[in-house]
Amino acid sequence: MSLSTSATLMPSHRARSESGRVISKTWTKQEDDALLDGVKRHGEGNWAQIRADNLAVLKDRNTTEILHRFDKISGKRAAKWKAKTASLQRKTTAAGSLKRKRWTDDEVNAVWEGVRKFGTQ
């Protein structure tokens, strides 16, 4: 992908098009290798140190991008997503017998009575 001459660098050093959209740069094998090597040396979570030690390779990446890339290539993002969706499925299943319907007048009055009695805080 070639950047247009109208693309500008923002303070985050991410190139943007005329419309303001971020122009993404695909991660290279060299960047992935530097990231994995950095995690082996400094441990997971030390993203600033990993970036500093591999500045020649990771100069165009910020620590958030490095974290997200590690999650993606290590499979942790998939594991987190699977756990989250499983949790949502359990909640949905547990509440599966509940039907969405309009509140009755008695329910609305009970809520307002609670607000009058206890306030909104």
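Once the 1.4 Å probe is applied to the protein heavy atoms, the stretch 26-69 comes out at 58 Å² accessible per residue. For Lys40, the aspartates and glutamates whose Cα comes closer than 20 Å to its Cα, not counting residues fewer than 8 places off in the same chain, are Glu31, Asp32, Asp53, Glu65, Asp71.
The values are calculated or read from the model by the stated rules, or taken from the named source; none is laboratory data. The shown structure was predicted, so the numbers you read here are calculated from the model rather than taken from an experiment. Protein only, heavy atoms only, side chains kept; ligands, DNA and RNA dropped before computing areas. Shrake-Rupley method; radii C 1.70, N 1.55, O 1.52, S 1.80 Å.
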